[in-house]
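A short write-up of the structure that comes next.
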Amino acid sequence: MRVFNPRERPRRRSQAREDSEKTKEYSEISPNRYDFLRWIEGCDSVMPSAPTERSAEASAEEVSGFEALQSILARHQRSPDSLIEVLNHAQETYHYLSDDLLRHVARNLGLPLSQVFGTASFYHLFRFQAPARHNCTVCTGTACSVIGAGRLVEALEQELGIRLGSSRADGSIDLGSVRCLGTCGAAPLVVIDGVVAKQQTVASVLEAVRSLR
Amino acid sequence: MTAPPAPLCLRCCTSAGCLASGAAELRQALQRAVSCLELVDRIEIRGVGCLGPCSQGALLAVDPDGALFAGVRAEDATGLIAALVRRWELEAIDGQRRPLAWTPGRGERLDTSRPFFARQRRVVLENCGLIDPERIEAAIERGAYDQLRRAVQELTPMQVVETIYRSGLRGRGGAGYPTGLKWSTVAKMPGDHKVVVCNADEGDPGAFMDRSVLEGDPHRVLEGMAIAAFAVGASRGFIYIRAEYTLAIENLRGAIEQAQRHRLLGQRLFDSSFEFTVELRVGAGAYVCGEETALIHSIEGKRGTPRPRPPYPAEQGVGGLPTLINNVETFANVVPILREGSDWYAAIGTTSSKGTKVFSLTGNVRWGGLLEVPMGTSLATIVQEMGGGAPEGSTIKAVQTGGPSGGCVPASELNTAVDYASLQELGTIMGSGGMVVMDHSTNMVALAAFFMEFCRDESCGKCVPCRAGTVQLHGLLQKHLAGDATAADLAQLEALCHMVKDTSLCGLGQSAPKPVLSTLRFFREEYVALLKPVAARATEAAP
């Protein structure tokens, strides 16, 4: 994985912002320049590292793979407009957006990788790492928070030994949050492996998480 | 010999709220029981949209009794069917009708004359909870697409715009812009290609009106969009919906497909030259995409960042085409207005706000759920009377409306009649209709910090006041909560709130400080109580 060095931060961000208007031209720019511009978009420290261009050792997956995306790409006639639809579908199928997958999508939609990554990293629901075996998501919407989601988060963080928004190192469970599922009548809510559990208490949620492990 | 008993219909709520309470299992169990006893012809098990008091799920209604049961579980299914069969047997003996004497094991029978039901006026939700949203035939039976047919065959686009204009309908997404005016602006734009967009990116935490409408009666929204398209001269439509609403997405997908199959959407509708196709666009989790220019970017597959207006979407929207953007509930109001006439609609509500409004009532309240009331109903009626007030042992402190873009109405102001103007005077907004009730244990500074954290996380980062301002505001609020703040910090908090409000690019930033300003207005003493005592500061400074 690529780690950004703050000292490498380009000096002229304003220039980069102007350039971001002309994303279509990225691909016509020399490889170095392209890399530079793409890199700026991923520069923010909260963002995951951008996928890097790989030349020689493209994996077999990249060349032939992602067959499951063919139908949705065809349905949208490979129009760049469909980027988010395609990414949603891709994440549903492959569980996360790998570097290879993003590159595949970029090539098929005729978009620069920078724009594909820039868009994907903007939205909260896209993930760039393989999910853990289990998932526990606490709703932290207003109603759930008023009724006690904070206590659930604290208890879960303590039980799992990880902070909200991270995964256990052994890949056993992700602990995440969602801003309102719109099912507030049953607050506070916790989603465990896709199943919404209503009116949770510290005891019930700990029991559910322990039963997973 | 008596006449055979009327067929029964068990309406089983299958919206997301009840699904979390095991509604799917209940429905299956009922179906299994009915088919085992070979009663399929006599008892219909119907999955329907939201039945109202979601906090009491899973809900089940029995027709024609009109009985509503709460807290029904799958294991209650056989008992209910047995009770129904026993009643038939008894009625067959003496021919007398009997009330249904059955209560679920751990649930209860709800009294439908309670204010929660009796004070409602269902216009948008008239079919919600009655029809099976997965079957277009059920919607058509209740008159779906009749008004579209009438508009296309009998009315001119101008007449439709005029009707909506005269009804006084205002946008239900939050800002309350007159819908008729918006329609006529788009209708006047030159060009053959226009777009209609339905904003179903209901991101305000604590709000689920749009989800419930889409889950319970998707054809209502599709028909409203099609009528709008006819009125403004558009041929393409998009529904932008948030990815969290999986069931609403599923129901909408099905509804669009069925409507196309029935030739109610598509080309050459009702033997005219009018055509309208709808595409679903699923978001990927960005609150800012509820802002119309950001939403347009997102539909175009780009980052959901807003841009300055003008040009307004009515001039340049999706793909640079004139675009009409309305909220789900706004579109859902179109059909009844056309059917009953603009005068009928204008007679409901207050002088400045016409019609009804759907609210989602949640938080520290006994009867939470989905309800629809005429505009001008007081908050006290909604929260105290319909919602039953705070649970045993607590009192209501405030009601939060409008989500992170709104503010808090303190308990002392609950007599306010809810409309666009009165809420604005109180420093909050109607918003999309989320209402979160807070009891006396709620720390208002922590609540303000909660919303500020939300806005900080959701700021798209395009303009500085919002990107940097929300971080600073959240920091200042945290400082208050930690007990480290001074009077100068409080003054800075207030000043910064006004700066962010006045200088941000889009609605997210402009309204991000509202929860802080509103709590400062009504609960200032809570902020002041958190300030570091002057003595402590003096001793710190001394050495």
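At-a-glance table
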| item | result |
| --- | --- |
| Where a residue in region A:130-154 is away from chain B (no Cβ under 14 Å) and free of Cβ contacts under 8 Å to residues at least 12 places away in the same chain and its partner, wherever it lies, is in a strand (DSSP E or B) and buried (at least 24 other Cβ atoms within 10 Å of the Cβ), with Cβ under 6 Å and at least six apart | none |
| From B:ILE249, B:ILE164, residue being farther than 18 Å from B:GLY317 by Cα and more than 14 Å from chain A (Cβ to nearest Cβ) | B:ILE164 |
| Verdict on B:ALA294 being more than 30 Å from B:ARG122 (Cβ to Cβ), crowded, with 24+ Cβ neighbours inside 10 Å and within 14 Å of chain A (Cβ to nearest Cβ) | yes |
| Any pair with Cβ under 7 angstrom, 6 or more apart, that starts in region B:404-423 at a residue that is within 22 Å of A:GLY141 (Cα to Cα) and ends at one that is among the hydroxyl-bearing types (Ser, Thr, Tyr) and assigned to a helix (DSSP H, G or I) | B:SER405/B:SER511; B:GLY407/B:SER518; B:CYS408/B:SER518; B:CYS408/B:THR519 |
| Search result, residues across region B:121-137 that are surrounded by fewer than 20 Cβ atoms within 10 Å (Cβ to Cβ) and touching a helix residue (DSSP H, G or I) at 6+ places or on another chain (Cβ under 9 Å) | B:GLU126, B:ASP132, B:GLU134, B:ARG135, B:GLU137 |
| Region A:93-134, residues that are charged (D, E, K, R) and either touching a Pro at 6+ places or on another chain (Cβ under 7 Å) or in a strand (DSSP E or B) (or both) | A:ASP99, A:ARG103 |
| Given (1) small (Gly, Ala, Ser); (2) within 28 Å of B:ASP201 (Cβ to Cβ); (3) surrounded by fewer than 19 Cβ atoms within 10 Å (Cβ to Cβ), number of the condition A:GLY185 does not satisfy | (3) |
| Single residue of region A:184-204 satisfying the filter (among the β-branched types (Val, Ile, Thr) and closer than 19 Å to B:GLY57 by Cβ) that is nearest to the other protein chains (Cβ to nearest Cβ) | A:VAL196 |
| Residues being acidic (Asp, Glu) and within 24 Å of B:SER21 (Cα to Cα) - total across region B:32-70 | 3 |
| Hits in region B:172-196 - residues which are within 14 Å of chain A (Cβ to nearest Cβ) and under 17 Å from the mean Cα position of the chain (by Cα) | none |
| All positions within region B:506-519 that are at pLDDT 95 or above and surrounded by fewer than 22 Cβ atoms within 10 Å (Cβ to Cβ) | B:GLN510, B:LEU517 |
| Residues of region B:200-240 classified as within 11 Å of another protein chain (Cβ to nearest Cβ) and touching a Cys at 6+ places or on another chain (Cβ under 8 Å), total | 10 |
| Within region B:1-91, strands (runs of 3 or more DSSP E) holding 3 or more residues that are within 14 Å of chain A (Cβ to nearest Cβ) and at positive phi | none |
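The values are calculated or read from the model by the stated rules, or taken from the named source; none is laboratory data. Because the structure is predicted, anything quoted here is derived from the model rather than measured. Quick reminder, even Gly has a Cβ in these numbers, built from the backbone with ideal geometry, and neighbours come from all protein chains shown.
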